[in-house]
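**Q** Following this message is one structure expressed as structure tokens.
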Amino acid sequence: MDIEHLTKHQIILLTLLVSFVTSIATGIVTVSLMDQAPPSVTRTINQIVERTVEKVVPQIIMQPASQGAAVVTKETTVVVKDDDLVAQSIGKVQKGIVRLVSLNDRDTLLARGVVLDAKGVVISDRGSLEPMGTVNFEAILPDGSRVAAVMRIPVGTTTIAILDLQMASSSGKIAAVPVADASKLHLGQSVIRIGGAGSDTVGTGVIAKLPDTHSTLIQASVVSTTPGSILITSFGELIGIITSDSAVVGADFYTTLSP
């Protein structure tokens, strides 16, 4: 066959054949080179590929009216820094922290309290409040406003006091703090302490000892001496609270709660 007298169809077929053979040869050479490349080169290539992942948001592709609009959603991995997570959790929990004072002395803190129900159910340290009675309290809310707080009659030997805030509406003023699942806590887990006799003070640490069959107390590597100070997870879930019972053992022990 004389190549100079090929028809158009024959030329097209010959071009396709050459392209196919060339692509196969290129693939074989590339794979061979990658197999022979040092590990550092392969690792660098992988890092470059990983860092090219972009933050993806839903995109609306406009199509003719007869077809409607199509929403294309891509999945991506969002990395949250520990510092940002801790700050967000503290800010969220602060909306559920109150300070309890006596109506006879409205400037002296008796104990801190944490809101467990958006309707105004608060828990605090029974040992600090019980000597004052059950209706002689005032709660200072996160926004600085004050409302009456009535302590329920304690049942049994629990060291945790339950109070009801006397407020017509709690919308926007307080927020309930979720309780952590005690069965999912583990040694070395990061925790945050929120306490302080005046404004909120915080500290971070880890769980040093879990509750056992002999005690419901949990030990952390961060201390607090203010009754009602709380211990939370990095995700803003309530783990425990400082009570008279835990304070006797040590300033780094907290009475745990169950959902």
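The values are calculated or read from the model by the stated rules, or taken from the named source; none is laboratory data. From a predicted model like this one, the values you see are computed outputs, not experimental measurements. Cβ sites come from the backbone with ideal geometry, for glycine too, and all protein chains shown count toward neighbours.
**Q** Applying the selection to segment 124-150, what residues are on the phi > 0 side of the Ramachandran plot and surrounded by fewer than 12 Cβ atoms within 10 Å (Cβ to Cβ)?
**A** Within segment 124-150, just GLY144 meets the criteria.
**Q** Which of the residues that make up segment 169-194 are of a type in the set (A, V, I, L, M) and out of contact with any strand residue (DSSP E or B) (no Cβ under 9 Å at 6 or more places or on another chain)?
**A** none
**Q** Here's a follow-up. Residue by residue through segment 151-174, note down the ones that are buried (at least 17 other Cβ atoms within 10 Å of the Cβ), over 16 Å from THR243 (Cβ atoms) and of a type in the set (A, V, I, L, M).
**A** LEU165, MET167, ILE174
**Q** Being in contact with an Asp or Glu (Cβ under 8 Å, 6 or more places away or on another chain) and part of a strand (DSSP E or B) is the filter; apply it to segment 83-107 and report the residue that is surrounded by the fewest Cβ atoms within 10 Å (Cβ to Cβ).
**A** Once the filter is applied, the top-ranked residue is ARG106.
**Q** Any residue in segment 193-210 that is without any contact (Cβ under 8 Å) to a residue 12 or more places away in the chain and outside the structural domain of GLY144 (by TED's automatic domain parsing)?
**A** Within segment 193-210 (the criterion being without any contact (Cβ under 8 Å) to a residue 12 or more places away in the chain and outside the structural domain of GLY144 (by TED's automatic domain parsing)), the answer is yes, since at least one residue qualifies.
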